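The values are calculated or read from the model by the stated rules, or taken from the named source; none is laboratory data. Predicted model only: the values in this text are computed from it and were never measured. No Cβ is skipped: glycine too gets one built from the backbone with ideal geometry, and neighbour counts run over all protein chains shown.
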């Protein structure tokens, strides 16, 4: 599962697509952690753009949780954005909607990260 | 002969009881639901309560700690764990035996207090001629049973019990024949270790898997449990928490979630998942919510035959 990477001021947007489950979550987690360590620190934010994510299992949700812990330890943030209805329902069912900040769109997540990030997005 | 599972205790960690507040709350919610309705008789009101109200209004999941009976229809009794549910189970045994001594086969997941606390109140242990065989994979099983009845914690010492009590050590991942029932224990992740049991008889397969945490990063572990649950008719599963709690603030507490229960049963092609070992802090409405969420998750992720999902409650009886 390749991550699509875009940068807006102090925010990094990572596009996640396909299925995230026990078959591919360890490789995904390794990729994700590299970006989180580099970008989600000292006020910086990583935004996971989930519009292409079709399914996520408990193992995939755990990857998000570990990334969030890493970001917090570095004084950074992780936001979720643009969940498809089925993935949004899985977040609710598993109570992960109470763990992460979830936004309807990437633009809204960027605005929560910083006004500079939202402005940079608006210029594209 | 038909196998039947009776749940005498389904709560985890410590017994809980409905309070006066809880009962008033249920009555008030029922009255709100019935708003504008009139009932000419008790039967009409009962029918309304039975068919139109949520389980959490008309029932309670109950408060006894783990004790689950497998009724094989024969002379001997088979039961998993001796939580506080062992007290009403003992009353049932005494009533059914009608003064005849019983033979009771116990299978212990582990010896944490919530799984042994009912034994001092298990009536048949006080009846001469009764045989109790306590099966376990733990070396400390007998020590734990004796310790909880030692002074100054309890007035009757274990050695004073009238029944003949035998401790039987089982080997994990090895099928054992116990009075016609095939029993296979399996090691589980829990403080001090716990063991699940797979029971097989006449083509029926029942798995009792409580006090078991599942580390999601370990694929081999998941596959091991899928093999242990394989094609089970019923899987009784530790679903103490919602997934987010189980893998964040309550990670390493030795318990699992409703969501992981669905995933493992789907991997195993099991037929019926029974959520078990309920969190004592959860009220009936919260537990009903966790059940509904598990059922919805099963619908969303179903790829083959449907998996039936239930939540255990004290008094539930099911046939595999």
Taking the stretch A:102-120, which residues are within 30 Å of residue B:240 (Cα to Cα) and either in a loop (DSSP other than H, G, I, E, B) or within 14 Å of chain B (Cβ to nearest Cβ) (or both)?
A:102
With respect to residue B:146, determine if the residue is on the phi < 0 side of the Ramachandran plot and either assigned to a loop (DSSP other than H, G, I, E, B) or touching a helix residue (DSSP H, G or I) at 6+ places or on another chain (Cβ under 7 Å) (or both).
yes
Matching residues, the stretch B:74-100, being more than 23 Å from residue B:238 (Cβ to Cβ), in contact (Cβ under 8 Å) with a residue 60 or more places away in the chain and not in a helix (DSSP H, G or I)
B:74, B:76
Return yes when residue B:74 is at pLDDT below 95 and surrounded by fewer than 17 Cβ atoms within 10 Å (Cβ to Cβ) and no when it is not.
no
May I ask you to list the residues in the stretch A:40-56 that are surrounded by fewer than 21 Cβ atoms within 10 Å (Cβ to Cβ) and within 14 Å of another protein chain (Cβ to nearest Cβ)?
A:54, A:55
Checked the stretch B:295-308 for anything touching a helix residue (DSSP H, G or I) at 6+ places or on another chain (Cβ under 6 Å), within 12 Å of chain A (Cβ to nearest Cβ) and either in a loop (DSSP other than H, G, I, E, B) or under 18 Å from residue B:232 (Cα atoms) (or both); matches are B:298
What's the number of the condition residue B:216 fails, among (1) assigned to a loop (DSSP other than H, G, I, E, B); (2) under 30 Å from residue A:30 (Cβ atoms); (3) more than 14 Å from chain A (Cβ to nearest Cβ)?
(3)
Before we move on, is residue B:204 at pLDDT below 95 and either surrounded by 15 or more Cβ atoms within 10 Å (Cβ to Cβ) or touching a helix residue (DSSP H, G or I) at 6+ places or on another chain (Cβ under 7 Å) (or both)?
no
Could you please find all residues in the stretch A:29-39 being within 12 Å of chain B (Cβ to nearest Cβ) and either over 30 Å from residue B:261 (Cα atoms) or touching a residue at least 12 places away in the same chain (Cβ under 8 Å) (or both)?
A:29
Boolean, residue B:248 is under 25 Å from residue B:193 (Cβ atoms), in contact with a helix residue (DSSP H, G or I) (Cβ under 7 Å, 6 or more places away or on another chain) and free of Cβ contacts under 8 Å to residues at least 24 places away in the same chain:
yes
For the stretch B:20-58, give me each residue that is without any contact (Cβ under 8 Å) to a residue 40 or more places away in the chain, in a loop (DSSP other than H, G, I, E, B) and surrounded by 10 or more Cβ atoms within 10 Å (Cβ to Cβ).
B:34, B:37, B:39, B:53
